[in-house]
Number of protein chains: 2
Amino acid sequence: MITNKNCVIRLSRYKNALYRLQSLGFVRVFSDNLADAIGVLPSQVRKDFSLFGITGNKRGGYNIDSLIEKLNTILGKDQLQKVVIVGTGNIGSALMKYKGFEKEGISIAACFDIDPAKINRQAKIPVLPLEELKDFARANQIKIGVIATPDVAAQSALEMMLSAGIKGVLNFAPLRLRAPAEEIVINNVNLELELENVIYFVNALDKTRAA
Amino acid sequence: MITNKNCVIRLSRYKNALYRLQSLGFVRVFSDNLADAIGVLPSQVRKDFSLFGITGNKRGGYNIDSLIEKLNTILGKDQLQKVVIVGTGNIGSALMKYKGFEKEGISIAACFDIDPAKINRQAKIPVLPLEELKDFARANQIKIGVIATPDVAAQSALEMMLSAGIKGVLNFAPLRLRAPAEEIVINNVNLELELENVIYFVNALDKTRAA
DNA sequence: TGGATATTGTGAAATGAGGAACATTATGAT
DNA sequence: ATCATAATGTTCCTCATTTCACAATATCCA
Ligand SMILES: NC(=O)c1ccc[n+]([C@@H]2O[C@H](COP(=O)([O-])OP(=O)(O)OC[C@H]3O[C@@H](n4cnc5c(N)ncnc54)[C@H](O)[C@@H]3O)[C@@H](O)[C@H]2O)c1
Ligand SMILES: NC(=O)c1ccc[n+]([C@@H]2O[C@H](COP(=O)([O-])OP(=O)(O)OC[C@H]3O[C@@H](n4cnc5c(N)ncnc54)[C@H](O)[C@@H]3O)[C@@H](O)[C@H]2O)c1
């Protein structure tokens, strides 16, 4: 199994580039084109495909339609992916309102919160009390969850997800969640860290230039 | 100059862990403790510090207060960092409303949008017309910007930022921005990709287990 | 005070990802 | 039909980052 996250992220980028090419009427694509599109070298593209057993035609490149299909299968996008969000605050509702997920085959099935004021069963994406997470996730076979609670609530949210059978989590809370790695995949997005990182490099470049 | 992004991100994580330890009343810390806290090996911690010229005491570990101070200086947090946000939609306003930046020394000075309905000069964090970005950023010496516009508007937002003297950008739009690397630092956050990545690993683990 | 020990700091080794190179082969032209 | 050529697929190499290992040394305790 491939464990290199960057490699998988590149697959997603190839896929996005391929959709653009497809919509422009292209039928075939070469490793050079994809490399340009996502900013890597052609050999990287071929190596990535090779790793996942994707082959093209020597001198003929890759057929865009079948390449998209293969990538989608690898990325698990051949079936609708249902997601739940725990924590319907700033980030949670930003995700909930985002239109872009639908066309990517990602469907937000429901949100959960402990704040009674947030509950709304009638909304297109319902906001339900946290207690209902387990039953809902099991009933709807949800495999993927998003944690968008305050940091102090994140670990307990994770544990509820674990017991609800959720297998993958995107976590926005700025702390390291503890869980058995064999049981659940955790991807962290820490926006403060990302900003801090930009700040560091801006300052560091400044200092370098000054010296 | 250190160009390793992961290394800088670890510095931020050490810093966060140190604040927690400090608030618990600890005075000294060992590389083991920090390693546990952020999930790396102790030798990694020592090497990271060594790279940035941070030294501790053999057998005595590191003094938490002075370590925090050194990390903050390295990370550019010894001075308030003013940030502007372009695009005041779902993500932009989630960031705007987030309380956590303030205590990290990050201040959102203003937001910008092309939608007249979004403009609000009276708010604590004002939302201004996009045309005012350049003057505002120059007048307030803003170095850091966030792009939270739709993808089609992101490149032009970046170019406005460039001409406004902004040196670092956190970009949420799912595309590759073009800019001279020596003039501006760009950090991309692509939430769709992050979710897709979780989905991939969940499926991949499933298949591995099945086989 | 002195010896035992825990912990740092760093040079060396291992790992792993990315890039270069090239042999292979499908395509198209003559 | 044959040849020239363009593009793949894979091997090998390079480089960066991580991990190991240990000598150096500050601290603690007897
Ligand atoms: N908003 C941002 O821009 C931003 C930036 C950086 C980090 N973050 C992190 O993202 C997370 C979410 O941030 P936010 O700004 O959306 O927070 P928020 O306070 O706006 O929303 C949190 C939501 O979680 C709910 N909640 C609290 N405890 C809960 C629990 N135990 N179970 C379920 N729901 C619970 C609250 O009722 C609230 O609706 C936080 O951990 C924050 O540190 C956010
Ligand atoms: N919201 C999410 O959860 C989410 C998830 C994945 C990716 N993204 C990406 O993040 C970006 C922002 O997403 P969003 O959901 O906040 O979008 P949004 O549509 O809610 O907000 C975009 C805002 O940008 C403003 N805008 C449009 N053109 C502009 C311009 N030229 N200059 C300044 N402002 C302009 C709009 O008026 C609007 O207020 C998008 O690129 C989106 O693809 C968002």
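There is no residue in the stretch B:90-112 that is in a loop (DSSP other than H, G, I, E, B), within 22 Å of B:Asp151 (Cα to Cα) and among the polar types (S, T, N, Q).
Per-residue answers, yes or no, for (1) in the same structural domain as B:Ile114 (by TED's automatic domain parsing); (2) farther than 30 Å from A:Leu71 by Cβ; (3) aliphatic (A, V, I, L, M):
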{"position": "B:Pro129", "(1), (2), (3)": "yes, yes, no"}
{"position": "B:Lys134", "(1), (2), (3)": "yes, yes, no"}
{"position": "B:Lys143", "(1), (2), (3)": "yes, yes, no"}
{"position": "B:Val152", "(1), (2), (3)": "yes, no, yes"}
{"position": "B:Ala179", "(1), (2), (3)": "yes, no, yes"}
{"position": "B:Ile184", "(1), (2), (3)": "yes, yes, yes"}
{"position": "B:Thr208", "(1), (2), (3)": "no, no, no"}
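Does A:Gly39 meet the test of being surrounded by fewer than 13 Cβ atoms within 10 Å (Cβ to Cβ), under 23 Å from A:Glu104 (Cα atoms) and at pLDDT 95 or above? Here the answer is yes, as A:Gly39 does meet what is asked. A single member of B:Asp36, B:Asp78 is within 16 Å of DNA strand D (Cβ to nearest atom) and more than 14 Å from the chain's Cα centre (by Cα), and it is B:Asp36.
Among the residues that make up the stretch A:34-51, is at least one of them in a loop (DSSP other than H, G, I, E, B), more than 14 Å from chain B (Cβ to nearest Cβ) and touching a Phe, Trp or Tyr at 6+ places or on another chain (Cβ under 9 Å)? Within the stretch A:34-51, not a single residue is in a loop (DSSP other than H, G, I, E, B), more than 14 Å from chain B (Cβ to nearest Cβ) and touching a Phe, Trp or Tyr at 6+ places or on another chain (Cβ under 9 Å).
With respect to the conditions (1) surrounded by 15 or more Cβ atoms within 10 Å (Cβ to Cβ); (2) modelled with pLDDT under 95, A:Phe49 falls short on a single one, namely (2).
Listed by position, the strands (runs of 3 or more DSSP E) contained in the stretch B:126-211 that have at least 2 residues being at the interface with chain A (Cβ under 8 Å from one of its Cβ atoms) are B:144-147, B:168-171, B:185-188.
The values are calculated or read from the model by the stated rules, or taken from the named source; none is laboratory data. Here the structure is a predicted model, which means the values were calculated and not measured. Because the Cβ atoms are built from the backbone with ideal geometry, glycine has one as well, and the counts that use them run over all protein chains shown.
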